[in-house]
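Visitor: Quick one: structure below, then a few questions.
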Amino acid sequence: MSNYAWLIKREFWENRAIWVVPCIIGVLLILSALFGHIQFLDLNTPQQSRVVGQMTLSAFGATFFVVMSIYSTWYLLDCLYADRKDRSVLFWKSLPISDTTTVLSKLLVALIVIPLVYFVAADITTLLVAFVVSVRASAALGGAMWHADLWLQLQVLWLYVIVTTAIWFLPVSAWLMVISAWAKRAVMLWSILPPLALYLVERWFFGTHYVLTVLGHRLLGYGPQAFHSGADSSFWMTTTFNNDQITTPSSIWAMMDPGSFFSSPQTWIGAVIGAALVVGAIQLRLRRTEI
């Protein structure tokens with residue numbers, strides 16, 4: 001266990017963007033709250049206040065999540081490739097640390113540690129922005145961001161997303177690590193070419209699009225699998241602001257659908273494929289040396 005802790009610290013030392021990028025996003029959002037234009041809404045009812053708070057907190061969380069997804073993808077493609085490119089892989093292989101431990105630690109950083117860093121950064125940022133808005137704007141608008149139950153729901157939502165995305169995107173993450181351990185150059189291009197070639201061969205020779213369907217479901221199917229579709233009218237809540245109506249989910253709790261996610265065969269089939277690809281990345285790491 002101490003090896004994993006040490007290797008995770010190493011990733012923070014060598015990849016400062018893990019914590020620098022969310023800090024920059026947080027600073028920019030705080031500066032926007034300090035010096036940007038704030039719309040002074042008339043919040044006359046508790047429901048209006050709650051809806052504004054829910055939308056604001058969700059928007060902040062979505063901002064951090066999108067950036068985190070982009071950075072995690074880049075990290076997975078680079079984490080094993082960079083060691084071989086700068087030849088530091090020779091030094092790390094000389095240490096009494098197995099390739100399995102190294103690969104698993106990097107996968108843990110990408111799927112769990114980086115999302116947790118962004119989770120903490122998002123929480124701190126929203127607290128500071130809420131304080132700034134409370135000072136600059138009206139008490140009603142500032143108070144909209146201080147609903148304790150909304151904060152609790154947002155924490156649960158973040159943790160739920162971290163766990164479920166780690167499982168759902170495990171095959172994608174492991175595939176990127178395989179490319180990172182194998183490619184000698186152009187890792188981004190090599191991560192795209194094999195699936196694209198499979199799709200084109202299938203279309204030309206068989207006239208089907210099974211590969212595209214499977215890839216599309218894995219890349220875009222997380223939301224429908226992990227969250228309620230909202231087909232039930234009780235899922236939605238309509239709030240009136242002046243003459244405008246805004247429809248939002250009745251609560252953050254209502255959005256999550258863990259039962260459907262964890263009982264889905266697609267979830268666990270993908271996890272098994274991901275585990276096999278992780279084994280492949282470990283074997284490539286064992287056999288590949290410097291570039």
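The values are calculated or read from the model by the stated rules, or taken from the named source; none is laboratory data. As the structure is a computational prediction, the values presented were derived from the model and not from experiment. Counting neighbours? That spans all protein chains shown, and the Cβs are built from the backbone with ideal geometry, glycine included. Ligands, DNA and RNA are excluded from the accessible area calculation, which covers all protein heavy atoms including side chains. Shrake-Rupley method; radii C 1.70, N 1.55, O 1.52, S 1.80 Å.
Visitor: For the range 164-211, max minus min Cα coordinate along each principal axis, in Å, sorted largest first?
Guide: So the extents along the principal axes, rounded to whole Å, are 32, 32, 12.
Visitor: Just to verify a number: FRET efficiency for Ile273 and Lys184, C-beta to C-beta distance, R0 = 35 Å, to 0.05?
Guide: Efficiency at R0 = 35 Å is approximately 0.90.
Visitor: If you don't mind, another one. Using a 1.4 angstrom probe on the protein heavy atoms only, line up Cys79, Cys23 by accessible area, largest first.
Guide: Details: Cys79 10, Cys23 70 Å².
Order by accessible area, largest first: Cys23, Cys79.
Visitor: Oh, and also: Rounded to the nearest whole Å², what accessible area per residue is found for the range 170-234 with the 1.4 Å probe?
Guide: 63 Å²
Visitor: What are the ³J(HN,Hα) values, in whole Hz, obtained from phi via the Karplus relation 6.51 cos²θ - 1.76 cosθ + 1.60 with θ = phi - 60°, for each residue of the range 69-82 in sequence order, with x given for Gly and Pro?
Guide: The phi angles translate into 4, 5, 5, 4, 4, 4, 4, 4, 6, 9, 4, 9, 5, 5 Hz.
Visitor: Additional query: Return the distance in nm (one decimal) between the two label points of a simple spin-label model at Ser260 and Phe12, each offset 7 Å from Cα along Cα→Cβ.
Guide: Placing both labels 7 Å along Cα→Cβ, they lie 3.8 nm apart.
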